[in-house]
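Bear in mind that the values in this text are calculations on the coordinates, not laboratory data. Treat the numbers as computed from the prediction; the structure is a model and nothing was measured. Every residue, glycine as well, gets a Cβ built from its backbone with ideal geometry; the counts of neighbours run over all protein chains shown.
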Amino acid sequence: MKPLLYILSFALLIGLGFWAYEENYQTKQIVNEAEHMQNQIAQARARLGVLKAEWAYLNRPDRLRELAELNFDPLALLPITPDQFGRMDQVEYPVVTVPEVDLNNPVDVSTLSMPEATE
């Protein structure tokens, strides 16, 4: 009986060794994938920083003013005048309706328990 127990224990030990080996390599693979993704995120953030800097450079007011002056005639641009803006009283805001409350038909709240107020 003891040799059978020894053989089963040894087989279990070998099986657990293979399982631990497999788990170890799967964990290493997942860690490598996570590091790769972190590197990709860092590269994407660097690219985003460059794109933001380029956007800020291209949207400089002096550059846009020069472009508008250069393309004034070909694009048939018109200068901005104060009469192109509207007034506040010309804006139509939605009408807010307040629901009517019927005070003659009270709601029964007698089932609610409240502590009595002491004065």
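Structure summary
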| quantity | calculated |
| --- | --- |
| Dipole axis of the range 2-77 (+1 Lys, Arg; -1 Asp, Glu on Cβ), positive-most option in LEU77, VAL50, TYR25 | TYR25 |
| Kirkwood Rh, angstrom, the range 45-87 [1 / mean 1/r, Cα pairs] | 12.9 Å |
| Filtered trypsin sites (Lys or Arg not before Pro), the range 29-95: DSSP coil and at most 12 other beta carbons within 10 Å | ARG87 |
| Contour excess over end-to-end distance, with Cα ends at MET88 and ALA56 and 0.36 nm allotted per residue | 8.3 nm |
| Integer Hz, Karplus 6.51/-1.76/1.60 couplings in order for the range 14-19, x for Gly and Pro | 5, x, 5, x, 5, 5 |
| Potential lengthening between THR81 and PHE18 on full extension [0.36 nm per residue; Cα-Cα distance subtracted] | 14.7 nm |
| Gyration tensor (Cα) of the chain, equivalent ellipsoid semi-axes in angstrom | 68, 50, 12 |
| Debye, to nearest 20: dipole size of the range 2-77, +1 on Lys, Arg Cβ, -1 on Asp, Glu Cβ | 300 debye |
| Inter-site label distance for GLN29 and PHE10 at 7 Å from Cα along Cβ, in nm | 3.1 nm |
| Helix 61-70 axis, angle to the chain major axis (alpha carbon atoms, nearest 10°) | 60 degrees |
